[in-house]
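The values are calculated or read from the model by the stated rules, or taken from the named source; none is laboratory data. Quantities reported herein were computed from a predicted structural model and do not represent experimental measurements. Methodologically, a virtual Cβ is constructed for each residue, glycine included, from the backbone with ideal geometry; neighbour enumeration extends over all protein chains shown. Please note that ligands, DNA and RNA were not included when accessible areas were found on the heavy atoms of the full protein model with its side chains. Shrake-Rupley method; radii C 1.70, N 1.55, O 1.52, S 1.80 Å.
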Amino acid sequence: MYYFIVNPHSRSGKGLGIWHKIQKQLDRDEIPYTVHMTESPGHATQLAARLTSARCEDQTPKNLIVLGGDGTLNEVLNGLSMSASVTLGYIPSGSGNDFSRGMKLPRNAQKALQRLLCAKRIRSLDYGILSYTDGRPSHRRFLVSSGIGYDADVCQNLFSTCLKKWFNRLHMGKLVYLFIGIKRIVLCKSADGCLTLDGVKKISLKKIRYISSHIQKYEGGGFQFAPKADPADGYLDLCVVSGVSRLRLTFLLAASLVGKHVCCKGVRTYSCREASLHTERPLLVHVDGEICGKQTDISLRCVEKKVRFLS
């Protein structure tokens, strides 16, 4: 039995049409399934929690398939009961699709479905947890990346621009991130701070532009912020950019298209199981592109191989 959680508004409103094609294939092949449509932000989390809760009447193993973008996948991840026997699958229909790019999944939805239906193995993947205080302690899981500073600022502005829809129609989603990215370089704020790795190594940082923490290699629709990231090694890959001018940040953004920024001055990379950061002024934070407000103190950790993924 397959349980589909579908975001009909993904890819600037094309998600519903993509689902109808998938549905026809399922019906034609007589595949047993149920479908649950998301209706608003956060609804996918509620649906995943209800389908995998220990109180759910049907406790049989479930194949939970997400049709949407990285944001929808993130919502589902945050609703999953990890103690339940749940196998996660994914059909990409977003604009960024950094998870599917990192996992080398088919971009075509029908090919992705066929791969799921014929899957012969289950991969155990890591996920990250971002912790912060927003009036009360808050925790968010992520499958792709979490970041503070400039990259979160870009994510926030992507949601408010009408350019995203037009670039998506032209199949040029990466360019809108680059366009907004260059624009926000002029306006983004920096901060001094202290980064602690695995509770031991302390690193003082001046003029932090951004720090991104990765399970997957990609962010922002195909930028290789962490080219060595492995989604099943039990480690977070951190990309730290600090002490650079706005002009140099522009160059680093372009270089990150092919992962060459990691060799440049002003960029440091680390691998760790957990990290904490304190900044002297609040900076925007995101998980998988979803904004978590402005924070001065965050912590991150990797949970090793707890996501069962159908591939």
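Taking other residues whose beta carbon is less than 14 angstrom from the beta carbon of THR72, and scoring Lys, Arg as +1 and Asp, Glu as -1, yields -3. Under a GNM of the chain (C-alpha, springs under 10 Å), which listed residue has the highest mean-square fluctuation: SER213, SER299, SER85? Sorting by GNM fluctuation, first place goes to SER85. When every Cα-Cα distance of the range 1-121 is counted in 5 angstrom steps from zero, the calculated P(r) takes the values 2, 12, 23, 25, 21, 13, 3, 0 percent.
If only the Cβ of Lys and Arg carry +1 and only the Cβ of Asp and Glu carry -1, the dipole of the chain around its Cα centre is close to 940 debye. The accessible surface of the chain, taken with every protein chain in place and a 1.4 Å probe, is 52 percent carbon and sulfur. GNM, the chain, Cα, under 10 Å: largest mean-square fluctuation among VAL35, VAL200, VAL154? Fluctuation is largest for VAL200. Taken per residue, the accessible surface of the chain reaches 46 Å², heavy atoms only and a 1.4 Å probe. Sorted from longest to shortest, the spans of the Cα atoms of the range 91-138 along the three principal axes equal 45, 26, 16 Å. What whole number of Å gives the distance from the Cα centroid of the range 278-294 to the Cα centroid of the range 1-57? Between the Cα centre of the range 1-57 and that of the range 278-294, the gap is 30 Å. Distances between placed amide hydrogens fall under 5 Å for LYS305 paired with ASP126, TYR127, GLY234, all partners being 5 or more residues away or on another chain. Taking other residues whose beta carbon is less than 11 angstrom from the beta carbon of ARG140, and scoring Lys, Arg as +1 and Asp, Glu as -1, yields -3.
According to the square roots a ≥ b ≥ c of the eigenvalues of the Cα gyration tensor, what is the shape class of the range 186-311, taking rounded for a/c under 1.5, prolate for a/b larger than b/c otherwise, and oblate for the remainder? Show your work: numbers first, answer last.
Details: a/c = 1.60, a/b = 1.22, b/c = 1.31.
Oblate shape, in that a/c is at least 1.5 and b/c is the bigger or equal ratio.
Taking a straight Cα-Cα cut-off under 25 Å and skipping sequence neighbours fewer than 8 places away in the same chain, the lysines within cross-link reach of LYS183 are LYS164, LYS165, LYS174, LYS206, LYS207, LYS217, LYS260, LYS265, LYS294. For the range 244-311, the Kirkwood estimate of the hydrodynamic radius, built from every pair of different alpha carbons, is 15.0 Å.
Say a site is exposed when it is one of the GluC sites (Glu not before Pro), sits in a DSSP loop, and has at most 16 other Cβ atoms within 10 Å; what is then the longest site-free stretch of the chain? Display every interim value, and only then the final one.
Details: sites that count: GLU30, GLU39, GLU57.
Longest run free of exposed loop sites: 58-311.
Positive end of the dipole of the chain (Cβ unit charges, origin at the Cα centre): among PRO8, SER190, TYR235, the Cα lying farthest that way belongs to SER190. Where does helix 43-52 land angle-wise versus the long Cα axis of the chain, in degrees 0 to 90, nearest 10? The answer is roughly 60 degrees.
Taking only alpha carbon atoms, the range 192-243 gives an Rg to Rh ratio of 1.01, where Rh is the Kirkwood radius.
Against the main long axis of the alpha-carbon atoms of the chain, helix 150-160 sits at an angle near 50°.
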